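The values are calculated or read from the model by the stated rules, or taken from the named source; none is laboratory data. Everything numeric here is computed off the predicted structure, so don't read it as measured data. Cβ coordinates were reconstructed from backbone atoms using ideal geometry, including for glycine residues, and neighbour counts include every protein chain displayed.
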Amino acid sequence: MKGGSSEGATALGIGAMRTLRPTIDTKFYIHTDWWKERGRNLRLTVYERLCPACKAFHLAYEDVGDVDWVDDETAEVTRVDALWHCLRTCCSTKPDYVTVETPLVESIFRVFLGNGNTPLSPRELHRILNRRPPEVILRMLTRSRVYNGIKPIL
Ligand SMILES: [Zn+2]
């Protein structure tokens with residue numbers, strides 16, 4: 001069956017870029033390798049960001065397994081992590097998921113968790129968060145210390 005959409009290749013298809021220096025239009029996302037290399041648990045980190053009701057529902061971050069995820073736009077069904085699915089469909093839609101008091105870099109991390117880790121540029125993050133200029137976001141994301149695996153696609 002032939003599909004009309006070319007979406008889904010965005011994470012890999014940026015071959016034309018010569019420079020290795022990220023700009024405000026360079027896409028960033030959470031690199032899961034970064035977590036594996038450091039032996040850190042992304043699921044636990046997702047669990048910590050669930051709303052109180054979902055935390056109580058799941059009780060522990062382990063053993064919840066995968067669920068079927070039906071994409072709203074394409075109706076495509078995939079198996080996804082149940083905790084992450086819960087965060088996307090419930091907790092990330094609550095008003096206190098990201099507030100003005102959430103540190104900027106943590107807000108950015110939460111945006112990626114909430115959108116299923118779809119790559120975004122500092123310019124796009126600025127539009128979503130409506131805080132700090134794209135240049136400031138770029139500087140925060142390219143400091144020597146990587147925050148929760150958020151790195152550019154280069
Ligand atoms: Zn929730």
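Against the definition (under 12 Å from Tyr29 (Cβ atoms) and within 16 Å of the ligand (Cβ to nearest atom)), how does Gly149 come out, yes or no? If you could, list the steps in order and put the result at the bottom.
Working: under 12 Å from Tyr29 (Cβ atoms): yes; within 16 Å of the ligand (Cβ to nearest atom): no.
The answer is no for Gly149.
Which residue pairs have Cβ atoms closer than 6 Å, lie 6 or more positions apart in sequence or on different chains, and pair a first residue in region 10-33 that is outside any strand (DSSP E or B) with a second residue that is at pLDDT 75 or above and surrounded by fewer than 13 Cβ atoms within 10 Å (Cβ to Cβ)?
Leu20/Leu154
To keep it simple, each residue is scored yes or no on (1) hydroxyl-bearing (Ser, Thr, Tyr); (2) surrounded by 14 or more Cβ atoms within 10 Å (Cβ to Cβ).
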| site | (1), (2) |
| --- | --- |
| Cys90 | no, yes |
| Thr93 | yes, no |
| Glu101 | no, no |
| Ile108 | no, yes |
| Leu120 | no, yes |
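Just a yes or no: is a residue in region 134-144 closer than 21 Å to Arg40 by Cα and loosely packed, with under 15 Cβ neighbours inside 10 Å?
Residues of region 134-144 closer than 21 Å to Arg40 by Cα: 141-144.
Next, only the ones that are loosely packed, with under 15 Cβ neighbours inside 10 Å stay: 143-144.
Yes, the conditions are met somewhere in region 134-144.
Considering every residue within region 88-99, establish whether at least one is over 21 Å from Ser121 (Cβ atoms), small (Gly, Ala, Ser) and modelled with pLDDT of 60 or more.
No, region 88-99 contains no residue that is over 21 Å from Ser121 (Cβ atoms), small (Gly, Ala, Ser) and modelled with pLDDT of 60 or more.
Could you tell me which numbered condition Pro52 fails, if it satisfies all but one of (1) at pLDDT 60 or above; (2) more than 14 Å from the ligand (Cβ to nearest atom); (3) at negative phi?
Checking Pro52 against (1) at pLDDT 60 or above; (2) more than 14 Å from the ligand (Cβ to nearest atom); (3) at negative phi, the one that fails is (2).
Give region 133-154 a look and list any residue that's in contact with a helix residue (DSSP H, G or I) (Cβ under 6 Å, 6 or more places away or on another chain) and without any contact (Cβ under 8 Å) to a residue 60 or more places away in the chain, or say none.
Met140, Tyr147, listed by residue number.
Any idea which of (1) at pLDDT below 90; (2) part of a helix (DSSP H, G or I); (3) aromatic (Phe, Trp, Tyr) is the one Tyr61 doesn't satisfy?
(2)
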